[in-house]
Structure formats: C-alpha cells, structure tokens
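Visitor: Got a structure for you, questions after.
Coordinate-derived values only; no laboratory data. This structure is a prediction, so every number in the text was calculated from the model and none was measured. Every residue, glycine as well, gets a Cβ built from its backbone with ideal geometry; the counts of neighbours run over all protein chains shown.
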Amino acid sequence: MSALSPTLDLRRPLWAMLEAGAAFLPQALDERFRRRLRRETEAGPFERLPEEVGPYGVRQQAELLAVRGDMETYPAVGELRDELVRRVRDHGRGIEGLDRWHPNDVAVQRYPAGSLGISPHRDGKRHSYLVAVFTTGGSAPFALCRDRGGEVVEEWPTVPGSLVLLRGPGLAGVEDGRPFHTVGGPREGTRVSVTFRMDSGRVRSGRS
C-alpha cells in the first residue's frame, strides 16, 4: 500500500512554498493509508500542551503525541516519512536543502472541537528546510499570516488527507524564511494532524 496518493506531484507546490513560504495540497494521502495511519496514532499516549508558550505568548489548545527514533512502535508513521522524503527529494530537485531533508521529529496533534487551535506563530529555527503537515482526521482552517499580528494572507480548509508545506530555515540558502501561520480549532469533531520536521539540533548531537 502506498502512503501517498500515486498521482501526487510536489514539483509545483514545492516551488510555490519556496516563493510564498507555504503551499497547500487538498489531497496528498492515499485514502486507505490515511485510515490506517489514523488508527495507529489515535490511541496515543497524548499529553496536553501548555496553553501559552514562548516569549511572544503563543496560545494553543491541543494534545501532543511525539514520535521519535526508529519509529518501530508506529510503522505507518515511518512508512509515510520514508515515502515523503523520497518524493520531496525527487520532485524538489534544484531547491537547495531538500536533498538533505530527513525528518527526525514527528508530532501527532489533536485539536478538540471548540478549541482555539494555535495563534499566529513561526516554527522553531531548529526545524530545517521544510515542515510538512498532514491532516488525518477532522477539518479546521490553516492560515498563512503576514506577521505575528495575524493578518491573513491566504487560508485553506484542511481536510482529511490534505498536506501543508511550510518553508524552514536554510532552504535555498536563506538563513530563515519561516512563515507566520495559525491553525484554527475545528467547529465540530476533532482534527488530527501529523507533522514532520527535521530537528537540526538533534542531527548535530547524533540523536536521530
């Protein structure tokens, strides 16, 4: 079973992400695989995230399951990571950094109905080159913002199987380039996302 949709072409979205900071694909996961991934991760163990983090007071209401290491406990997560890396490296040829992107930090997050999601923020500087966010269940708005104030540049309705690509530090030789973005809470049900990041700090220390 393929993890990604067999027709998924990342070439144009990767170049669009390079230019705008983010790109959205409404259907990236194979549907049967999405259901398998959802079943594998839904049991957790999840932990409640603090409602305010960082020096800028980013607000969030979500639960987190952190997946690291060899991912033997979560084989579907590992399969998706490996297939995503191959597709990104193949379709992202010519974009400096993508040939070195290998995520070693995976966050499964749950957003309950009525939660605020996450207020405008940028991902950490240690998350190099690219951040990939799949939605495996539920739906909520995901917005690209002009600044920390939250002025929306573009907004997408994340749906099960969709993918958001976010630019990370070092991509195309640019030191930073991280976009501000925000995630709303679902109006009903629970939104679940699986986010792949490359933590350069863990790479340097050998903890991959």
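Visitor: Test V77 against the criterion of being surrounded by 17 or more Cβ atoms within 10 Å (Cβ to Cβ) and within 28 Å of C145 (Cα to Cα), and give yes or no.
Guide: Criteria not met by V77.
Visitor: Ok, one more. For residues that are assigned to a helix (DSSP H, G or I), more than 18 Å from R110 (Cβ to Cβ) and in contact (Cβ under 8 Å) with a residue 24 or more places away in the chain, tally how many sit in region 55-89. Steps first, answer last, please.
Guide: Filtering region 55-89 for residues assigned to a helix (DSSP H, G or I) gives 75-89.
Narrowing further to those that are more than 18 Å from R110 (Cβ to Cβ): 75, 78-79, 81-89.
Next cut, in contact (Cβ under 8 Å) with a residue 24 or more places away in the chain only: 75, 79, 81, 83-84, 87-88.
Residues that pass the stated criteria total 7.
Visitor: Being among the basic types (K, R) and farther than 18 Å from T135 by Cβ is the filter; apply it to region 6-41 and report the residue that is surrounded by the most Cβ atoms within 10 Å (Cβ to Cβ).
Guide: That would be R11.
Visitor: So, in region 125-151, of the ones that are touching a residue at least 40 places away in the same chain (Cβ under 8 Å), farther than 22 Å from L25 by Cα and touching a strand residue (DSSP E or B) at 6+ places or on another chain (Cβ under 8 Å), which residue ends up surrounded by the fewest Cβ atoms within 10 Å (Cβ to Cβ)?
Guide: Within region 125-151, the match that is surrounded by the fewest Cβ atoms within 10 Å (Cβ to Cβ) is R148.
Visitor: When you go through (1) under 19 Å from E40 (Cα atoms); (2) free of Cβ contacts under 8 Å to residues at least 60 places away in the same chain; (3) within 16 Å of the chain's Cα centre (by Cα) one by one for R122, which number turns out not to apply?
Guide: (1)
Visitor: Right, another one. So which residues in region 1-47 are closer than 21 Å to D90 by Cβ, of a type in the set (G, A, S) and part of a loop (DSSP other than H, G, I, E, B)?
Guide: Scanning region 1-47 gives S2, A3, S5, A28.
Visitor: Residue pairs, Cβ under 8 Å, 6 or more apart or interchain, first in region 170-182 and under 10 Å from S128 (Cα atoms) and touching a residue at least 12 places away in the same chain (Cβ under 8 Å), second in a loop (DSSP other than H, G, I, E, B) and among the basic types (K, R). List them.
Guide: That search, which allows pairs on different chains as well, returns D176/K125; R178/R122; R178/K125.
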